[in-house]
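Everything below concerns the one structure shown next.
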Amino acid sequence: MTKTVNHWIGGKTVEGTSGQFGPVTDPATGAVTTQVALASTEEVDAAVAAAKAAYATWGTSSLAQRTTVLFRYRALLDAHRDDIAALITAEHGKVHSDALGEVARGLEIVELACGITTQLKGELSTQVSSRVDVSSIRQSLGVVAGITPFNFPAMVPMWMFPLAIACGNTFVLKPSEKDPSAANLLAELASEAGLPDGVLNVLHGDKVAVDGLLNHPDVAAVSFVGSTPIARYIHATASANGKRVQALGGAKNHMLVLPDADLDAAADAAVSAAYGSAGERCMAISAVVAVGAIGDELVAKIRERAEKIKIGPGNDPASEMGPLITAAHRDKVASYVTGAAAQGAEVVLDGTGHTVEGFEDGHWIGLSLLDKVSTDSDAYKDEIFGPVLCVLRVDTYEDGVALMNASPFGNGTAIFTRDGGAARRFQLEVEAGMVGVNVPIPVPVGYHSFGGWKDSLFGDHHIYGNDGVHFYTRGKVVTTRWPDPADAPAGVDLGFPRNH
């Protein structure tokens, strides 16, 4: 009998009742290993109702109570790193070391949430007028929802719900139906840490579940990470329903390499940033922009390194890159490589025919490297989300920045140079939300916020960090006037000398 991943609602496993299920595949073998229950609108209502009921007490709980739970949660997550990583590898396919890195980055936000006491401190101005004080405080929103992608099934949820619940909200998580098991384990460990029933719920599903959350009157805010078309839809739909929205979309991240750069370091960075996690990450470097005469040497160095990457099952310690999430996604990624030459690119490495012995039915693709790519080609314009690196050639720094700023995406970017002045200009002139200087994947640490510009972000708030705290709370300003005790009515003695 096929194992079923069910919902986690109200502090317990709840079997799906819709009769609809989705397949969960081991990408290394191509075999369906599990099925996941897909929620109906009624099940969405049940998850939101559980969260709303829990908010009645969690929303007024003390900061000490919340942080006590979060500290215990952090310890449990640390103890179960390998268990979480194993689920990620089994359903997503990424190698174990990558999966462990994902858990570690998620833990950063749990640690941030443990320090929520300082993040929620308000402000006070006394004597703004005679006997008048003004204070500013931040309060929770209520029930909030998170809709997360397949590529980081543990990290991205942990970018959302720990901070949301630390701020006093309750949470309904709708993870990707392609790799759902890690989310359930995160919720079970939160319950073990003492999180009250209903504060964190996991609802599995497809568009029915997503639309149910976007349209539900009791959901106050929605966080989303995924592709740009869906991010735009999430933002438009939820905003139209009066909800607060942060929707992070896709990317086409560029790495500008100046003629003075350390080309070995740049090549190492390009390979790790383009092909790590099989390129299935929104912060992957997918376009290297080579300035001046260094292009040939840089491409040769990238090729030399890329050819040594060992591809295999994620649970094999020798593997450095695993398979793609589905066969359909593998075929789509391959189509960009097979069509590249007709659109003017030079195919330096073609990974489309790659297979792994003993795992022939897995969703395999090798590393591809395309040189002299034009900005009007499909391989450049689209977010491929796979291990395909495009190299573009420009004559000057100004040409490179202009090319990058013309992209509709503005998630992350990087520059490789030894010149501090050039790097300083770049970080001010490039139109992207996250910038790396000799750092290929500039994902901010937990106490700074993550988010892009242009078509990479819809909504005003970046995720986690200070922006995350502001997103999951709303401000209130209180203006107070109290009479002086000496002016108390006759017959009321407060022990103060009378003014008259």
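Observations
- For Trp453, the residues whose amide H sits under 5 Å from its own are Gly410, Asn411, Gly433, ignoring neighbours fewer than 5 places away on the same chain, with H placed 1.01 Å from N.
- Computing FRET efficiency as 1/(1 + (r/R0)^6) for Ala402 and Asp493, where r is the C-beta to C-beta distance and R0 is 45 Å, gives about 0.05.
- Debye-sum result for the stretch 13-147 in log10 I(q)/I(0), which assumes one identical scatterer on each alpha carbon, at q = 0.19 Å⁻¹: -1.26
- Counted residue by residue at 0.36 nm each, then reduced by the alpha carbon distance between them, the extension gain from Asp45 to Glu346 reaches 103.1 nm.
- Of every Cα-Cα pair in the stretch 192-235, the percent that sits beyond 16 Å: 48 percent
- The ellipsoid that matches the Cα gyration tensor of the stretch 347-416 has semi-axes, each √(5λ) in whole angstrom, of 30, 13, 10, with the longest given first.
- Principal semi-axes of the equivalent ellipsoid, √(5λ) from the alpha carbon gyration tensor of the stretch 1-74, are 32, 18, 8 Å from largest down.
- Among the GluC sites (Glu not before Pro) within the stretch 339-381, those in coil by DSSP and having at most 11 neighbouring Cβ atoms inside 10 Å are Glu357, Glu360.
- For the stretch 185-194, backbone phi angles converted through the Karplus equation (6.51, -1.76, 1.60; θ = phi - 60°) give residue-by-residue couplings of 5, 4, 5, 4, 5, 5, 5, 4, 6, x Hz, Gly and Pro being listed as x.
- Beta bridge orientation in the chain: antiparallel %, DSSP, nearest 5: 40 percent
- Shape of the stretch 357-461, Cα gyration tensor, a/c cut at 1.5: prolate
- Legend: residues Thr480, Thr126, Thr33, sorted from most to least accessible area (1.4 Å probe; ligands, DNA and RNA excluded), read Thr126, Thr33, Thr480.
- Shape of the stretch 303-412, Cα gyration tensor, a/c cut at 1.5: prolate
- When both the stretch 387-450 and the stretch 27-60 are represented by their alpha-carbon centers, they are found 38 Å apart.
- Calculated log₁₀ intensity ratio I(q)/I(0) where the Debye formula runs over C-alpha points of the stretch 303-356, q = 0.25 Å⁻¹: -1.11
- Per residue, the solvent-accessible area of the chain (1.4 Å probe, heavy atoms of protein chains only, all protein chains present) comes to 41 Å².
- For the stretch 381-425, the spherically averaged projection of the C-alpha convex hull amounts to 4.0 nm².
- Potential lengthening of the chain between Lys12 and Arg418 amounts to 140.7 nm, from the contour at 0.36 nm per residue minus the alpha-carbon distance.
- Set of lysines with alpha-carbon distance to Lys52 below 17 Å, sequence-local pairs under 8 removed: Lys12, Lys174, Lys243
The values are calculated or read from the model by the stated rules, or taken from the named source; none is laboratory data. Just so it is clear, the model here is predicted, and its values are computed rather than measured. For neighbour counting, all protein chains shown are included, and Cβ atoms are generated from backbone atoms with ideal geometry for every residue, glycine included. We work out accessible area using only protein heavy atoms, side chains counted, and drop any ligands, DNA or RNA first. Shrake-Rupley method; radii C 1.70, N 1.55, O 1.52, S 1.80 Å.
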